[in-house]
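Worksheet for the structure shown next.
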Amino acid sequence: MKAVILVGGEGTRLRPLTCNTPKAMVPILNQPFLEHLLRYLKEHGISDAILAMGYLPDPIQSRLGDGSHFGVQISYLVEESPLGTAGAVKNAESFLDEPFIVFNGDVLTEIDLTDMIKRHREINPEVTMALTPVDNPTIYGVVETTATGMVKRFVEKPTWDKVTTNMINAGIYILEPGVLEYIPTSAPCMFEDHVFPKMLKMGKPILSYPSDAYWIDIGTPEKYLKAHHDLLLRWSDRAVRTQGESQIHTTALIEGPVLIGEGCLIAENVQIKGPTVLGPRCQIAASVVMEGVVLWEGTQVEEKTVLRNCVIGSCTHIGSSCQILDDCVLGDDVTVGEESKLASGTRLWPNNYVDPGMLQST
Ligand code: GDD
Ligand code: MG
């Protein structure tokens, strides 16, 4: 079975991390998100992927190439202007003559795709849609089903008064090629707002595939950080893992789960508490304290700075004695002057400069 992976969105909710990096390529445990997805697809026997791209296609194509490294043959399509989730699949029509999978390119999951494919083949609907339970359905597509598991109502991003279930569209579908006939050619069209509601109106069978398996949409900074925390906290040994050579001072106190990319320098009396990830070539000066953070590659943190539950983009420089705490997100190449204290939830765009001693209250 082939998979169409939707990776054309601008990733606006994940800014500033997606200013220079497409959402599908943000690192998860120091590896581009899409590489995790390709591995997952391969594990479920999918070895043919079509990447439907739009925003920042070059970093995707240059990194993944023909996909042979992952044992997956990759074809690329670039939309000149966004075609929407369904329009992007219609655009791939020439590749699709058998049942195929559509995957939102920001979903990290362990849903049993092999079993989902089996169910699709047994019941033979036009669409099989994976569902997952969530706490806040209003930011997703809410899906009501019948007693026999057929989808009866689909409401994209409903207000709370329209929420009737906590089961939402997990962004994974198996489609019969006939579904492509419901999508216009070369015009923007969404599965969520147009195709699924229209199919339900026409009485077309959409089977649900509910699953309790791990699932997260990494498309906001909070979820992106949570995905890291979830993955790291699953390491039963709470280890400190290094990828290649790094220099770690003997007085540094590192409490796992922590992942350290290659070529990092960690100075004396640094305290790092997991769940934390250091990208490759990060430099952490003496007496820095960090907990629950994700640092992208090449970040430098000067002495006595405290970082907690935040995400820091590539090649950012953080001066000494700063405090960058909960839910702060700094883009690439930001400079934060010494003794700055950033309020929770601060967002700094790439190349931003924060004057030394900047105090922000929450
Ligand atoms: N090629 C292409 N073209 N891809 C697109 C386009 C487009 O015009 N628009 C969005 N995408 C891609 C995004 O890059 C992302 O990988 C995926 O489609 C879903 O878009 P999001 O913008 O992340 O949607 P969402 O998270 O708000 O909602 C969707 O996902 C939820 C599950 O995470 C919907 O499908 C919801 O119904 C669903 O519950
Ligand atoms: Mg999303």
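The values are calculated or read from the model by the stated rules, or taken from the named source; none is laboratory data. All of these numbers come straight from a predicted model, not from anything done at the bench. Cβ atoms come from the backbone with ideal geometry, glycine included; neighbour counts cover every protein chain shown. Side chains included, ligands, DNA and RNA excluded: accessible areas come from the protein's heavy atoms. Shrake-Rupley method; radii C 1.70, N 1.55, O 1.52, S 1.80 Å.
For the reader, a short list of remarks on this structure follows.
- Total residues in the range 173-183, condition touching a helix residue (DSSP H, G or I) at 6+ places or on another chain (Cβ under 8 Å) and either open to solvent by 60 Å² or more (accessible area, probe 1.4 Å) or in a strand (DSSP E or B) (or both): 3
- Test set (1) farther than 17 Å from SER208 by Cα; (2) surrounded by 15 or more Cβ atoms within 10 Å (Cβ to Cβ); (3) touching a residue at least 24 places away in the same chain (Cβ under 8 Å) - ALA170 fails condition number: (1)
- Boolean, VAL155 is part of a strand (DSSP E or B), within 13 Å of ligand 1 (Cβ to nearest atom) and more than 22 Å from the chain's Cα centre (by Cα): yes
- GLN73 of a type in the set (S, T, N, Q), at pLDDT 95 or above and under 18 Å from the mean Cα position of the chain (by Cα): no
- Within the range 342-362, the set of residues being open to solvent by 50 Å² or more (accessible area, probe 1.4 Å), assigned to a strand (DSSP E or B) and closer than 26 Å to PRO27 by Cα comprises ARG347, TYR353.
- All strands (runs of 3 or more DSSP E) inside the range 241-303 with 1 or more residues being under 16 Å from SER321 (Cα atoms): 271-273, 289-291
- Checked against the criterion of being within 14 Å of ILE46 (Cβ to Cβ), in contact with a strand residue (DSSP E or B) (Cβ under 6 Å, 6 or more places away or on another chain), within 16 Å of ligand 2 (Cβ to nearest atom) and open to solvent by less than 20 Å² (accessible area, probe 1.4 Å), the candidates VAL102, VAL107 yield just one match: VAL102.
- Restricting attention to the range 186-221, the residues being out of contact with any strand residue (DSSP E or B) (no Cβ under 9 Å at 6 or more places or on another chain), open to solvent by 30 Å² or more (accessible area, probe 1.4 Å), modelled with pLDDT of 95 or more and more than 21 Å from MET150 (Cβ to Cβ) number 2.
- Subset of the range 260-279 [open to solvent by 30 Å² or more (accessible area, probe 1.4 Å) and within 16 Å of GLU245 (Cβ to Cβ)]: GLU262, GLY263, LEU265
- Residue check, ILE117 in a strand (DSSP E or B) and either touching a Lys or Arg at 6+ places or on another chain (Cβ under 8 Å) or in the same structural domain as ALA187 (by TED's automatic domain parsing) (or both): no
- Residue list for the range 71-93, filter: part of a helix (DSSP H, G or I) and either surrounded by 19 or more Cβ atoms within 10 Å (Cβ to Cβ) or within 16 Å of ligand 2 (Cβ to nearest atom) (or both): GLY84, THR85, ALA86, GLY87, ALA88, VAL89, LYS90
- Hits in the range 135-154 (condition: free of Cβ contacts under 8 Å to residues at least 40 places away in the same chain and either touching a helix residue (DSSP H, G or I) at 6+ places or on another chain (Cβ under 6 Å) or open to solvent by 20 Å² or more (accessible area, probe 1.4 Å) (or both)): ASP135, ASN136, THR138, ILE139, GLU144, THR146, ALA147, THR148
- Comparison of LYS204, LYS198 shows that the only residue that is part of a loop (DSSP other than H, G, I, E, B), more than 14 Å from ligand 1 (Cβ to nearest atom) and among the basic types (Lys, Arg) is LYS204.
- Screening the candidates THR138, THR185 for the property of being within 14 Å of ligand 1 (Cβ to nearest atom) and either assigned by TED's automatic domain parsing to the domain that holds ASP112 or of a type in the set (A, V, I, L, M, F, W, C) (or both) yields one hit, THR138.
- Pairs, first in the same structural domain as TYR173 (by TED's automatic domain parsing) in the range 202-213, second acidic (Asp, Glu), C-beta under 7 Å, six or more apart: LYS204/GLU126; PRO205/GLU126; ILE206/GLU126; SER211/ASP112; ALA213/GLU110; ALA213/ASP112
- Residue in the range 230-250 that is open to solvent by 30 Å² or more (accessible area, probe 1.4 Å) and within 16 Å of ligand 1 (Cβ to nearest atom) present: yes
- Members of the range 1-28 that are buried (at least 17 other Cβ atoms within 10 Å of the Cβ) and in a helix (DSSP H, G or I): ARG13, LEU14, LYS23, ALA24, MET25
- Condition check for GLU176 on (1) closer than 24 Å to ILE5 by Cα; (2) within 12 Å of ligand 1 (Cβ to nearest atom): one failure, at (2).
- Residue match in the range 29-43 (condition: within 10 Å of ligand 1 (Cβ to nearest atom) and in a loop (DSSP other than H, G, I, E, B)): no
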